[in-house]
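A.B. asks: To start, I am sharing the structure in question, which I have written as structure tokens.
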Amino acid sequence: MSAAGPKGNVRLAILGALLLSLLSGYLLQLRLAAAARQQEQAERQVRLLKTEQQEVRGGHVPDSLLDRLSQTRRDAFPDAEDQARELRGERLAADAKDEDRLVLEPAVTDAVVSAEYLQFRFRERDAYRRLTKDVGPAREAGEAFLTAYISQYGARNNNRINNDELRLLGEKAIEAGSRDPLVRTHLANVQALSTGETEGPRSMLEEAVRELPLTGYPRIVKSYALVYLLDFDAREDWATQEKRLEAAVTGLVEWLAEEKSHPKWTRSAYERTYRLWRAWTTRYRDRLLAALLESETADPYVTHTLAGEYYVDRAWTSRGGGWAVEVLPEQWEGFAKYLEIATGHLQLAWSLRPDLPYAPERMIPIAMAGHGTGNSERFWFRRTLEGQCDLYKAYNSYLYSLTSRWGGSTNRILAVGRMCLETDRFDTLIPYQALEAVEKVRDLELDKGETLTSVPSAAELLKDFLVRRRAYIDRNRLGDLYEANGAYRSRMIQLLEACGLVVETGPIYRDAGADLNWTELRKGGRPGRYFAARRVAESDGNSSLIAALDERLRRPIGPEARGTGLDQIEAEWKLLRGQAAPAVGPHDFFRHTEVMIGQLRTFLKGEWVGLDPQGDLWGWEPYADRWDVENGVGVTLHRRHGGERQPCLRPLINPQPPLEVEVLVEVLDPAPYPEEIGIGWTRENRTDLMDREREFPLAAIEVEEQVEGNPPNRFRLATARVAFATRAFSRVPLRGAGPHRLKVKLWPGNVEYQADDAWFSHDLPQPVAPDGFLAFGATWPPAEGHDGRLGSFRLSGVRYRRLTVGPPPVYNAPREERIRYWAERRERDPDDLVARVSSVRLRLELHEYAEALADAEALLRERPAVNQVRVLKGMALRYLARYPEAVRELQAALEEWQDTPDACWVLAEIFAGAPDPAVRSAEKSRALAESSLNMYRTLRPYQMVAALAAAHAESGEFPKAVELQEEALRTTDATEREIYEERLERYRQGKPFRLPTEPESKRKGTD
């Protein structure tokens, strides 16, 4: 036993060593595998990072990069969630004490925020005083410019001075010797906004960017310069755009890092950054957010609040805009995921600065969606008010959360409106949320066809609003009202009218004067300024008689109207005028109606009714953000970004076709320019006054800005056209951008339009609306950017009269009828351009080729730019066998006006059949014939098909020529059948088409 024991121990020891060796090897393999996996993950992460960086350099920020940066930045604040939870508990306890009222302490209002932001911006002027090298007059002028500029762009209600005046102040500083980069930074921006030019401002900004780091100016100045440069990137190549974007984003991050040490200005820093964020495209936003999340020094409140904003938007993008039942499971997953990330950022921001409103306001829609921290919309609404008691977005989101779609009701919406009203803080927007509540009910709670008149509690709330508002005015001043800037007065008026409280609007109009949102009050073609005058007059008494007078004056005046009863209308007007109180301010109903009665008398006599450009344009309604009257000259209408998209001028009386209308239009510098300007016909209760998609016509000129040359030369090109319904016709270039004389003859089913010496005549696809009205105006494209630039145009020589001549006869009317009609037109007006051109065409039809040629040449000598006449001259020369001359005229016509099918097919025939081989060209003939048919798309006029047949015959393709000629014969006019049959016989015999060598006294067959 003793001997066996040691042997057994040895074996156990060997076995143990073997097992230990195996275990060590296994553990080593595990460690190596783990290291390999880590290495693979690291390499994959490097590859991913390189891919993401490449995408960023290519202009796109990958979602994966933003998500990683988001997580990293939130992880940097590990205690934020606990701090936010503790804060929520404290606020819930406080809310329980004030359950049924708004708590408005501390009372930080929009006015306080605005004043603080203005002081924040004035730090730039203070830095100028400390650091500038300007001296003497240059320093004085520089400070004056900066004071004016910051007062304009640093204040919410920024209409103290326009950009032209600011530009002159800045240029005065430069002329006085200022070289300060701060002055030049803001002057460059103003110059671009004022003049539309970019080259000079761009150079000034680039120079300022180079100099600013050497001056000691705060980083906000350089960030402005870099952001301004982004406005000029549209015409740059992609690499330059990317470089500018990267520089602007870097400048903003560096500035926000500097602001981090000044918590007093965090609110203002966020306000400035958020204004940019809201104005920027998705590409710009993503780049800015990535840079902020990557930075460890930028202000964390701004970073996390913007990140929360981003992820709320991304959540809704993931969900889509459909109804809940239409949303797919994976869309709901993305929705929940991104709202959770947004909640993390917003809670972090709120825990850092619970005294600011922006993060809790963004939590309201998250709570509405059933996500977030479990707290209600009301909880986050109250948290927002702790940061700013009158933040509009918070009230808007909270009221929306109370709609039926989100489980609320009309009563709950109106109850919050009443709670806001009872604060009596009419120096803020808070009581005006009563109007917002009624508006929410109108827009979101009513059934189809239902109106606010069916909701008595809404009318009662509005009546109580008026009582409390009047009491506040009596205690204070009208100018102390929050609405003093016109922000709510127009909506107040609209809601009162919607509730049937029309008479109650009169005092509001009277108090407000012209300080109203006229764009809102003129929506749908309403003559808002005239209605204001009527409401003021009605509030003084005799409302039913005034309404009846208005109805009689503005009813459509058809061709059968003869003016009977006009004396009675004037007698009623005098009686009402004698009983009315004296009009104070711009709302004078009786001045309007006095002019309208005179206009009716003039129109019914068949005389011209003209716009008298004097004073207040009585009898007319201007739809514009601003309008100026040049006494005795004309009216200039202005359009501001975000305002009236289709400024125009309309008569208040309502003449109906047949009408003759004239106006002189001029597009004014600087840009932005309208897309088109002219004469429209539309109806009230329409969204767009000059909408060619819905109403008859926009008989207009198109305005196009072009840039050519190096350096670029900016100029405008006008194109005349008639457009209506969904079809546009007859584009022809005009010389320059104006002024242009437009003339329209309008019948219920026809229109003739003349722009300078370009003319058109068309049947309408449908009769004009019998209750429509005239409008003289322009249409702007949807505006880009967020500047205050004005676009302007001038109207002069505006007039209209009843048209006593009937519409042109149809093209296939008896020849005698057409001869008689155009002769009467020329006798009525010897300078009638359409009649003169039509007479030339008739002479061609009568085979009076020499006379037609003489008339065409006479007309071209008088009016070289008149369209279609050169084509008719070419056709006359063709029938006079003067083929080289015909070719020159027709080619000249095509150069002047490319979409001329008649010129194409006549040229095609000459190139196919000219007697002189030097003139013939089968290739040119075929191209021109095909071009003429392409202009008609689905139609195939027989002359053009026959011209194409002649081209194929000239090429020796006789089977194709026979096929096309047979097609032409199926629709050929009876007067030309014999000629076209002779051509067909030639093609069957293998002979090409040939034109005669001698002039045709009348049209015959071919040789």
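The values are calculated or read from the model by the stated rules, or taken from the named source; none is laboratory data. These numbers were taken from a predicted model, which means no experiment stands behind them. Glycine also receives a Cβ, built like all others from the backbone with ideal geometry; neighbour counts cover every protein chain displayed. Quick note on the areas: whole protein, heavy atoms, side chains included, nothing else; ligands and nucleic acids left out. Shrake-Rupley method; radii C 1.70, N 1.55, O 1.52, S 1.80 Å.
A.B. asks: Using the heavy atoms of the protein chains alone and a 1.4 angstrom probe, what is the accessible area of the chain per residue in square angstrom?
C.D. replies: Computed with neighbouring chains in place, this is 46 Å² per residue.
A.B. asks: Now for a separate question. If R₀ is 25 angstrom, what is the calculated FRET efficiency for the pair Asp313 and Gln71, using the beta carbon separation as r and rounding to 0.05?
C.D. replies: For Asp313 and Gln71, the calculated efficiency is 0.85.
A.B. asks: With only Lys, Arg, Asp and Glu charged, each at its Cβ (+1 for the first two, -1 for the last two), find how big the charge dipole of region 109-263 is about the Cα centre; round to the nearest 20 debye.
C.D. replies: Dipole magnitude for region 109-263 comes out near 460 debye.
A.B. asks: To test your reading of the geometry: what angle, between 0 and 90 degrees and rounded to tens, separates the Cα axis of helix 358-368 from the longest principal axis of the chain?
C.D. replies: The two axes meet at around 80 degrees.
A.B. asks: Something else: Points 7 angstrom from Cα along the Cβ direction at Arg179 and Ala854: gap in nanometres?
C.D. replies: So the label points at Arg179 and Ala854 sit 7.6 nm apart.
A.B. asks: Quote the FRET efficiency, to the nearest 0.05, computed for Asn631 versus Trp608 with a Förster distance R0 of 22 Å and r equal to the Cβ-Cβ distance.
C.D. replies: Approximately 0.65, to the nearest 0.05.
A.B. asks: For Asp443, project a label point 7 Å along Cα to C-beta. Then give me every residue of region 487-508 with its amide nitrogen under 20 Å of that point.
C.D. replies: Zone members listed by number: 487-500.
A.B. asks: Starting from the residue with the highest accessible area, list Asp625, Asp95, Asp540 in decreasing order, probe 1.4 Å.
C.D. replies: In descending accessible area the options line up as Asp540, Asp625, Asp95.
A.B. asks: Under Stokes-Einstein, with the Kirkwood radius over Cα pairs standing in for Rh, what whole-number D in µm²/s applies to the chain at 20 °C and 1.002 mPa s?
C.D. replies: In µm²/s, the coefficient rounds to 61.
A.B. asks: On average, how much area does the Cα convex hull of region 367-482 cover when viewed from any direction, in nm²?
C.D. replies: 7.8
A.B. asks: May I ask you to list the lysines whose Cα is less than 23 Å away from that of Lys133, ignoring any residue fewer than eight positions away on the same chain?
C.D. replies: Of all the lysines, those that pass the test against Lys133 - Cα under 23 Å, at least 8 places apart if same chain - are Lys172, Lys222.
A.B. asks: Starting with the highest mean, order 874-887, 435-448 by the number of other Cβ atoms within 10 Å, averaged over the residues of each peptide.
C.D. replies: 874-887, 435-448
A.B. asks: OK, next. What figure in square angstrom, to the nearest 10, would you give for the accessible area of Glu824 with a 1.4 Å probe?
C.D. replies: 100
A.B. asks: So which lysines pass the test for Lys960, namely a Cα distance under 30 Å, with those fewer than 8 places away in the same chain ruled out?
C.D. replies: Partners within reach: Lys924, Lys991, Lys1002, Lys1004.
A.B. asks: Go through region 907-1007 and name the GluC sites (Glu not before Pro) that are in a DSSP coil and have 14 or fewer other Cβ atoms within 10 Å of their Cβ.
C.D. replies: Glu1000
A.B. asks: To the nearest µm²/s, what D does Stokes-Einstein give for region 109-263 at 20 °C and 1.002 mPa s, using the Kirkwood radius over alpha carbon pairs as Rh?
C.D. replies: Taking Rh from Cα pairs, D becomes 134 µm²/s.
A.B. asks: Here is a further query. Using helices alone, what [θ] at 222 nm do you get for the chain, with -39,500 (n - 2.57) per DSSP H run of 4 or more residues, divided over all residues and rounded to the nearest 500?
C.D. replies: -18000 deg cm²/dmol
A.B. asks: I want to make sure I understand the PRE zone here: with the label point 7 angstrom from the Cα of Ala107 toward its beta carbon, which residues in region 415-443 have backbone N atoms less than 19 Å away?
C.D. replies: Of the residues in region 415-443, 419-434 have backbone N under 19 Å from the label point off Ala107.
A.B. asks: Please give me the summed charge of the neighbours of Trp277: other residues whose Cβ is under 9 Å from its Cβ, Lys and Arg +1, Asp and Glu -1.
C.D. replies: +2
A.B. asks: I've got another one for you. Say the dipole of the chain comes from +1 at the beta carbon of Lys and Arg and -1 at that of Asp and Glu; which of Thr198, Tyr472, Val221 then lies farthest toward its positive end?
C.D. replies: Val221
A.B. asks: For a quick check of your reading of the filter: which GluC sites (Glu not before Pro) in region 205-244 sit in a DSSP loop and have no more than 16 other Cβ atoms within 10 Å?
C.D. replies: Glu236
A.B. asks: Compute the helix-to-body angle for 815-828: its Cα long axis versus the longest principal axis of the chain, expressed 0 to 90° and rounded to tens.
C.D. replies: Between the helix axis and the principal axis of the chain, the angle is about 80 degrees.
A.B. asks: Let me know the charge dipole size of the chain about its Cα centre in debye, to the nearest 20, where only the beta-carbon of Lys, Arg (+1) and Asp, Glu (-1) is charged.
C.D. replies: Approximately 1200 debye in magnitude.
A.B. asks: Now, a different point. Ignoring any ligand, DNA or RNA, what whole percent of the accessible area of the chain comes from carbon and sulfur when the probe is 1.4 angstrom?
C.D. replies: Roughly 51 percent of what the probe reaches on the chain is carbon or sulfur.
A.B. asks: Please identify every one of the GluC sites (Glu not before Pro) in region 449-542 that sits in a loop by DSSP and has no more than 16 other beta carbons within 10 Å of its own beta carbon.
C.D. replies: Qualifying residues, ordered by number: Glu450.
A.B. asks: Let me know the shape class of region 172-254, please: from the alpha-carbon gyration tensor, a ≥ b ≥ c as square roots of the eigenvalues, rounded when a/c is under 1.5, otherwise prolate if a/b is greater than b/c, or oblate.
C.D. replies: Oblate is the answer for region 172-254, as a/c is 1.5 or above yet b/c matches or exceeds a/b.
A.B. asks: Oh, and also: If R0 is 22 Å, what FRET efficiency do you get for Ala514 and Ser543 from their C-beta distance, rounded to 0.05?
C.D. replies: With a Förster radius of 22 Å, E is 0.45.
A.B. asks: Put a dot 7 Å past each Cα toward the Cβ at Trp406 and Glu930; how far apart are the dots in nm?
C.D. replies: In this crude label model, Glu930 to Trp406 measures out at 6.1 nm.
A.B. asks: A further question on this structure: Rounded, prolate or oblate: which one fits region 912-1007, using the alpha carbon gyration tensor with axes a ≥ b ≥ c (rounded when a/c is under 1.5, else prolate when a/b beats b/c, else oblate)?
C.D. replies: rounded
A.B. asks: Reachable lysines from Lys574, Cα under 30 Å, same-chain residues fewer than 8 places away excluded?
C.D. replies: Partners within reach: Lys605.
A.B. asks: Among Ser409, Ser64, Tyr395, whose Cα projects farthest towards the positive end of the dipole of the chain, with charges put on the beta-carbon of Lys, Arg (+1) and Asp, Glu (-1)?
C.D. replies: Result: Ser64.
A.B. asks: Have a look at Gln494, Gly506, Gly524 and report the one farthest towards the positive end of the charge dipole of region 484-529, computed about the Cα centre with Cβ charges (Lys/Arg +1, Asp/Glu -1).
C.D. replies: With unit charges placed on the Cβ atoms, the residue in question is Gly524.
A.B. asks: Between the helical axis of 282-294 and the dominant principal axis of the chain, each derived from Cα atoms, what acute angle in degrees is found, rounded to the nearest 10?
C.D. replies: Taking the Cα atoms of the chain, the angle to 282-294 is about 20 degrees.
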